[in-house]
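Chemist: Below is the structure I would like to discuss, written out as structure tokens.
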Amino acid sequence: MTMEHGEDCCVKVAVHARPLIGDEKLQGCKDCVTVVPGKPQVQIGTHSFTFDHVYGSSGTPSTAMFDECVAPLVEGLFQGYNATVLAYGQTGSGKTYTMGTACKEGTHVGIIPRAMAALFDKIEKLKNQVDFQLRVSFIEILKEEVRDLLDPATVAAGKVENGNGHAGKLSVPGKPPVQIREGSNGVITLSGSTEVHVTTQKEMTTCLEQGSLSRATGSTNMNNQSSRSHAIFTITLEQMRKADPIMASDGMPIEEMNDDYLCAKLHLVDLAGSERAKRTGSDGLRFKEGVHINRGLLALGNVISALGDEKKRKEGAHVPYRDSKLTRLLQDSLGGNSKTVMIACISPADINAEETLNTLKYANRARNIQNKPIVNRNPIADEMKRMRQQLEYLQAELVLARGGGVGSDDVQGLRERISWLEHTNEDLCRELYGLRNHVHSDPCEPELHKTVSGYTKGEGLKRSLQSTEPFDVLMTDSVREGNPKDIDDEVAKEWEHTMLQDSLGKELNELNKQLEKKESEMKGYGHDTVALKQHFGKKLMELEEEKRAVQKERDRLLAEVESLNADGQTHKVRDAQLQKLKTFEAQVNGSS
Ligand code: ADP
Ligand code: MG
């Protein structure tokens with residue numbers, strides 16, 4: 001059985017046909033129910049019904065029921081999906097046997113005990129990663145009254161023969177009656193019923209046993225009214241992901257819970273007998289006054305009709321959930337936020353044929369009910385998550401607005417430095433370009449000079465030009481004429497050139513240091529301010545890009561100076577220059 005995430009999901013209906021029991025055999029009853037081999041189809045008389053599953057008789061063995069119908073619901077609880085299992089059918093058809101509501105000694109294990117085992121198995125597997133909280137409640141709806149089967153006083157009183165036939169009416173003085181409440185979020189809750197916190201399977205089983213005992217004792221006192229009561233055993237599973245999950249010791253990948261907090265409920269419902277309580281009479285006639293229909297089951301039938309009829313549903317017909325306590329309590333289980341399975345229990349005996357047919361008709365309509373299960377997150381946890389994100393964002397904004405630490409002013413300063421370095425680089429480039437032209441071609445060619453001047457831009461370049469231009473003229477002459485005095489000037493020129501490169505190297509060094517500082521500051525902020533990290537991450541990348549451009553320029557410059565030297569400078573000059581450039585290079589490399 002697959003259940004879709006957040007999508008419409010129909011109520012699944014399974015039929016459980018029990019074998020003929022002792023009494024029926026004694027009466028010589030015949031089996032009047034046929035299961036179509038290999039198909040989830042039941043035939044009775046001329047009627048044929050198809051369900052999601054058919055167990056018992058010649059259908060699927062009953063032992064497969066839990067794995068196919070209930071195990072996926074237990075699994076769903078851990079993903080935050082509510083679930084409901086309803087056992088429907090006439091008295092004696094096997095509802096209590098199927099659900100395992102009454103814990104009796106014997107080999108058969110019903111759905112509730114198996115669900116508990118599956119639940120605790122899974123908890124055991126996940127306990128290193130998730131904190132679990134389990135609560136159970138067990139109530140009975142009898143004559144439109146909700147009885148708390150786990151109320152310690154009721155449990156005690158139920159054991160006492162009070163003689164008035166109203167054990168269920170006994171209540172502790174001052175204790176408010178159990179009431180059904182609807183929260184502002186539409187969630188139905190019971191107020192005043194006992195919710196027992198349990199930590200072990202044993203404790204949970206004890207709750208089931210105690211509640212069943214209370215119900216059974218009450219029924220004896222009330223002339224077997226248990227067939228008129230609905231019993232609802234509810235398990236609430238809360239999960240909170242641990243802050244520091246412990247990894248599985250075997251190194252196996254562990255299951256991940258996507259949410260920090262989840263809460264889901266599993267309702268296990270043993271409904272009242274579906275048969276109409278006829279006035280017993282030899283004539284077999286049904287007298288209107290003698291027919292008592294359980295109000296809960298009647299309302300349930302009407303809810304199923306309203307929900308199961310596509311036409312009515314599209315017209316937005318009223319669903320009479322409020323007509324009974326049962327339908328009110330199961331509002332979410334039918335047409336709402338729950339994955340729901342109904343198990344229709346039937347007797348195969350021919351004497352029950354009419355009730356069996358009614359049960360199959362009733363259950364068949366339930367298959368049309370569309371539920372909408374959703375993951376039940378804690379609304380407060382959701383709000384907290386949203387607010388935490390907002391806080392992070394605002395913190396980032398604040399840091400930016402203050403300009404403190406890694407503010408925009410710093411970034412602007414770095415930008416300006418880079419810009420200045422770029423211009424200085426251009427100056428050097430321009431200078432070298434001019435120098436090379438004087439060496440290799442007609443030094444007086446105006447066109448070239450014009451081209452070189454074309455590089456002029458910005459304050460940095462002007463500054464550079466002021467310091468280098470007089471040398472430029474001297475250099476030009478010295479190279480052309482080649483006299484010793486001019487060589488001295490040339491050395492001076494090279495010296496100036498190298499000094500400039502030196503300062504460029506220092507600037508780069510400084511820039512690298514600042515970038516490093518910013519990077520480490522960024523790392524400090526990274527954990528709690530995602531927005532900030534992204535913002536400065538981008539800025540940092542831009543700066544790195546600019547740094548790379550400056551370094552590239554420097555390398556080009558270096559190459560040009562070297563080729564220039566190879567092209568006929570004096571060894572003395574070249575060596576001095578290379579030495580300086582190497583120092584410069586070492587500085588830059590050392591800091592990047
Ligand atoms: P209900 O709760 O619907 O009134 P019970 O669960 O009490 O019915 O079952 C009535 C009787 O039938 C019990 O004696 C029970 O042991 C027996 N019974 C029910 N289902 C099965 C089954 N699948 N196999 C064998 N016996 C069953
Ligand atoms: Mg029963």
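The values are calculated or read from the model by the stated rules, or taken from the named source; none is laboratory data. Computed from a predicted structure; not experimentally measured. We place every Cβ from the backbone using ideal geometry, glycine too, and count neighbours over all the protein chains shown.
Chemist: State whether one or more residues within the range 39-53 are more than 37 Å from the chain's Cα centre (by Cα) and within 16 Å of ligand 2 (Cβ to nearest atom).
Modeler: Taking the range 39-53 first, the residues more than 37 Å from the chain's Cα centre (by Cα) are 39, 41-49.
Remaining after also requiring within 16 Å of ligand 2 (Cβ to nearest atom): none.
The answer is no; no qualifying residue exists.
Chemist: To continue, here is another question. Return a yes/no flag: does the range 111-125 have any residue that is within 16 Å of ligand 1 (Cβ to nearest atom) and either part of a loop (DSSP other than H, G, I, E, B) or of a type in the set (D, E, K, R) (or both). Explain how you work it out, then say what you get.
Modeler: Start the filter on the range 111-125 by keeping residues that are within 16 Å of ligand 1 (Cβ to nearest atom), which leaves 111-114.
Subsequent filtering for residues that are either part of a loop (DSSP other than H, G, I, E, B) or of a type in the set (D, E, K, R) (or both) retains 114.
Within the range 111-125, one or more residues are within 16 Å of ligand 1 (Cβ to nearest atom) and either part of a loop (DSSP other than H, G, I, E, B) or of a type in the set (D, E, K, R) (or both).
Chemist: Looking only at the range 82-95, count how many residues are more than 16 Å from ligand 1 (Cβ to nearest atom) and hydrophobic (A, V, I, L, M, F, W, C). Talk me through it step by step, then tell me what you get.
Modeler: We begin by selecting, within the range 82-95, every residue more than 16 Å from ligand 1 (Cβ to nearest atom); these are 82-84.
Still in the running and hydrophobic (A, V, I, L, M, F, W, C): 83.
Final tally of qualifying residues: 1.
Chemist: What residue, of ALA64, ALA71, is more than 16 Å from ligand 1 (Cβ to nearest atom) and either modelled with pLDDT of 95 or more or surrounded by fewer than 16 Cβ atoms within 10 Å (Cβ to Cβ) (or both)?
Modeler: Values: ALA64 fails: more than 16 Å from ligand 1 (Cβ to nearest atom).
The match here is ALA71.
Chemist: Which condition from (1) within 16 Å of ligand 1 (Cβ to nearest atom); (2) at pLDDT 95 or above; (3) within 24 Å of THR189 (Cβ to Cβ) is the one that THR101 breaks?
Modeler: (2)
Chemist: OK, next. Got at least one residue in the range 348-358 being among the small types (Gly, Ala, Ser) and surrounded by fewer than 23 Cβ atoms within 10 Å (Cβ to Cβ)?
Modeler: Quick first cut of the range 348-358, residues among the small types (Gly, Ala, Ser) only: 349, 353.
Keeping just the survivors that are surrounded by fewer than 23 Cβ atoms within 10 Å (Cβ to Cβ) gives 353.
Checked the range 348-358: at least one residue is among the small types (Gly, Ala, Ser) and surrounded by fewer than 23 Cβ atoms within 10 Å (Cβ to Cβ).
Rundown of residues vs (1) over 22 Å from SER333 (Cβ atoms); (2) within 11 Å of ligand 2 (Cβ to nearest atom); (3) in contact (Cβ under 8 Å) with a residue 12 or more places away in the chain, yes/no style:
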residue	(1), (2), (3)
TYR81	no, no, yes
LEU86	no, no, yes
GLY89	no, yes, yes
GLY94	no, yes, yes
TYR97	no, yes, yes
PRO113	no, no, yes
ALA118	no, no, yes
ASN128	yes, no, yes
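Chemist: Would you check if VAL399 is closer than 28 Å to GLN239 by Cα and either at pLDDT 75 or above or in contact with a Gly (Cβ under 6 Å, 6 or more places away or on another chain) (or both)? Explain how you work it out, then say what you get.
Modeler: Values: closer than 28 Å to GLN239 by Cα: no; either at pLDDT 75 or above or in contact with a Gly (Cβ under 6 Å, 6 or more places away or on another chain) (or both): yes.
No: the conditions fail for VAL399.
Chemist: Mind checking which residues of the range 302-327 are outside any loop (DSSP other than H, G, I, E, B), surrounded by fewer than 20 Cβ atoms within 10 Å (Cβ to Cβ) and not hydrophobic (A, V, I, L, M, F, W, C)? Break it down into steps so the answer makes sense when it comes.
Modeler: Filtering the range 302-327 down to residues outside any loop (DSSP other than H, G, I, E, B) leaves 302-308, 310-314, 321-323, 325-327.
Then drop every residue that is not surrounded by fewer than 20 Cβ atoms within 10 Å (Cβ to Cβ), which leaves 302, 305-306, 310-314, 322-323.
Selection gives ASN302, SER305, GLU310, LYS311, LYS312, ARG313, LYS314, ARG322, ASP323.
Chemist: Restricting the search to the range 126-146, which residues are over 20 Å from the mean Cα position of the chain (by Cα), outside any loop (DSSP other than H, G, I, E, B) and not aromatic (Phe, Trp, Tyr)?
Modeler: LEU134, ARG135, VAL136, SER137, ILE139, GLU140, ILE141, LEU142, GLU145, VAL146
Chemist: If GLN79 meets every condition in (1) more than 9 Å from ligand 1 (Cβ to nearest atom); (2) under 18 Å from HIS16 (Cβ atoms); (3) surrounded by fewer than 24 Cβ atoms within 10 Å (Cβ to Cβ) apart from one, which number is that one?
Modeler: Every condition holds for GLN79 apart from (2).
Chemist: On the basis of being part of a helix (DSSP H, G or I) and surrounded by 16 or more Cβ atoms within 10 Å (Cβ to Cβ), does SER333 make the cut?
Modeler: For SER333, the condition - part of a helix (DSSP H, G or I) and surrounded by 16 or more Cβ atoms within 10 Å (Cβ to Cβ) - is not met.
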